[in-house]
Every structure is written in C-alpha cells, then in structure tokens.
C-alpha cells in the first residue's frame, strides 16, 4: 500500500487524519503481518505486508 506520510504539506490529507508510516507498520505487525517499509518519494510511504503463517 502507498499513503501520504503524516506531515504538514500543501497537498495530501490534513495532518490530523494522516497515519504515520511507523504507526501503520506497527498496526499491521500487531495483526499478524510481516512488513517492509519504503519511502519512494518525499511525503509518501509504501508498505509491503504479508500475512505471517501460524
């Protein structure tokens, strides 16, 4: 998935509704996903998430 980083900017969602990349990665990990976090362009992040096998 790709999303806007939760930072103040002229474009993208308002800061108060943005989800920081580390918080999103933690939410996914807490729900059984292995994650890889990338920052392809300024102001955006990409998370590759795979469900871990039990």
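A simple spin-label model places the labels of residue 38 and residue 17 2.7 nm from each other, with each point 7 Å out along Cα-to-Cβ.
Computed from Cα atoms, the angle from the helix 21-30 axis to the main principal axis of the chain rounds to 20 degrees.
Read-outs throughout are calculated quantities, based only on the coordinates presented, and are distinct from any laboratory measurement. Here the structure is a predicted model, which means the values were calculated and not measured. When we count neighbours, we look across all protein chains shown, and the Cβ atoms used for this are built from the backbone with ideal geometry, even at glycine.
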